[in-house]
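Reading through the structure tokens given below for one structure.
What follows is calculated from the coordinates using simple rules that are stated; it is not laboratory data. Bear in mind the structure is a predicted one, so any value in this text is a computation, not a measurement. Virtual Cβ from ideal backbone geometry, glycine too; neighbours counted across all protein chains shown.
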Amino acid sequence: MSGFTRLFSFILFARLASPVFAMEVKPPTLDIVAAPGGLATSVFVLRNTEIVQETYTFTLQGFRANGEDGRQTFLPVTETAGLPNWLYLNRSTVTLKPGESAPIVFQLRPPKSAAPGAYQAVVFANHEDKHGDNGVALGSRVGVLVFATITGDIKHSLRITAFERLGARVVDRLPMAFSAVLRNDGASHELPQGHVAISNVLGQLTTTLDLQNSTTPLRIVPNSSRRFELRWGDECAEQGFLGELRCEWRPFTFGIYRARVVLDGAMEAASSDELRFFVIPWRTLGLVLLMILLFMAGRRLDRH
């Protein structure tokens, strides 16, 4: 989560001046589901990581995707349409002693007129330090990303818009890097599942690369695109001559290869166009050539 790096499953920090944060939240992301006109409840835990007692306030903001690399644009606090207007916290402030934690309960109450689909917002816990240098107030905040789904007839539309190599078409060693861009034109939050399938010139499957990192899966919000970067043979990087030679033999990597993205359960395009590339392992070929030369030299000596 490079990279929405990887970034929809992490804590959002925004520090104005000081590198020391005054709090932490768990979990960093929450999913919540409700029917139009219904009610759903969820909770996160706020902890004071300072050595003094602190008071925190809460704000709600919407956000949208910004680009393909997982960045977010937070909307002004005054733009409350949608999810920020449907979330209700059980308290507006909380005071915590050093090391103390408190559960923060919130409810989702969408109106009966809410359209089925996905919505997102962030709940910020704000802390203000009035003891900054020269009397300047220093502030920090930590946020919980809330992904809400309003049930009903929800459109799903996920497609592959680009797939490319990151590097030369002809390489003499692994790793090989790929980039895939997926577009969500639907109304749901998508956690795409799939892989890059790599086959040799005979069409035999050589390996597969999972699209998602199991620890930080990447989410695509509606009407946005997300870039996924994958690498084949990362274990062979910077291993030295002998280490890379061993990687070339396990498995033996030589010749023409084809790669394509395959999505699991895709509603539209299930796979991308194929990419072709060449792997010419000079270490292995050099070693084989050396062995042939030594063999030929030995045969000549035997004849004499």
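Can you tell me how much longer the chain between T216 and D264 gets when fully stretched, taken as 0.36 nm per residue apart minus their C-alpha distance, in nm with one decimal?
Full-extension gain reported as 15.5 nm.
Can you give the local net charge around F147? Use residues other than it whose beta-carbon is closer than 9 angstrom to its beta-carbon, Lys and Arg +1, Asp and Glu -1.
On the way: positive: R219; negative: D31.
Local net charge: 0.
Whole Å is fine, so just give me how far the alpha carbon centre of segment 19-65 lies from that of segment 144-216.
If we compute the Cα centre of each part, the gap is 30 Å.
Find the percent of Cα-Cα distances in segment 58-124 that exceed 13 Å, and round it to a whole number.
Working: 1542 of 2211 pairs.
Counting pairs separated by more than 13 Å, the tail of P(r) holds 70 percent.
Measure off 7 Å from each Cα along the Cα-to-Cβ vector at V170 and S157, then give the distance between these two points in nanometres to one decimal.
4.3
Sort the following peptides by mean Cβ neighbour count (other Cβ atoms within 10 Å, averaged over residues), highest first: 75-85, 101-111. Write out the running numbers ahead of the final one.
On the way: 75-85: 14.5, 101-111: 16.7.
Ranked from most to least packed, the peptides come out as 101-111, 75-85.
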